[in-house]
Amino acid sequence: MTDAIHPAPVEFTAEQLADDPILRYFHYSHLPPALQAMSVNFCNMARIVVSNLPRNAERSVALRKLLEAKDAAVRATVQ
């Protein structure tokens, strides 16, 4: 699944995106360069999480909280 608002990040495989749809919200290519520089770090951390942790409820919580942190960091960069 992909759309104009949330294009699938190239850092994740189609299988990873199917298993964890939240990963699509770690995309950053649509952002201005200054915000991309901040956001890419969270995308990289999400990749580390899905590559190193077993798929379970706690991993889902980790990804959700990481997404919340990314959103806050990007907003902080704008202000």
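Near A8, the amide H atoms lying under 5 Å from its own belong to D3; only residues 5 or more places off or on other chains count, and H is placed 1.01 Å from N.
Helix-only mean residue ellipticity at 222 nm, the chain, DSSP H runs n ≥ 4 weighted -39,500 (n - 2.57), per residue, nearest 500. What is it?
Values: 3 runs with 48 residues, N = 79.
That comes out to -20000 deg cm²/dmol.
Restricted to Cα atoms, the chain shows a radius of gyration and a Dmax of 12.2, 36 angstrom.
Evaluating 6.51 cos²θ - 1.76 cosθ + 1.60 at θ = phi - 60° for every residue in segment 22-35, the Karplus couplings come out as 4, 4, 5, 7, 8, 5, 8, 5, 7, 7, x, x, 5, 7 Hz, glycine and proline recorded as x.
Relative to the Cα centre, what is the charge dipole magnitude of the chain, using +1 at the beta carbon of each Lys and Arg, -1 at the beta carbon of each Asp and Glu, and rounding to the nearest 20 debye? Intermediate results must be reported in sequence, preceding the final value.
Details: 8 positive and 8 negative charges, 40 e Å.
Here the size comes out at about 200 debye.
In this simple spin-label model, placing a label point 7 Å from the Cα along the Cα-to-Cβ direction at both S29 and V10 gives a separation of 0.6 nm.
For a quick check: sort K65, K70 by the number of other beta carbons within 10 angstrom, fewest at the front.
On the way: K65 10, K70 21.
The order, fewest Cβ neighbours first, is K65, K70.
Counting charges near P54 (Lys, Arg +1; Asp, Glu -1) among other residues having Cβ under 14 Å from its Cβ returns a value of -1.
Any read-out appearing in this document is the output of simple, stated calculations on the displayed coordinates, not a laboratory observation. Predicted model, so just to flag it, every value in this text is computed and none were measured. For neighbour counting, all protein chains shown are included, and Cβ atoms are generated from backbone atoms with ideal geometry for every residue, glycine included.
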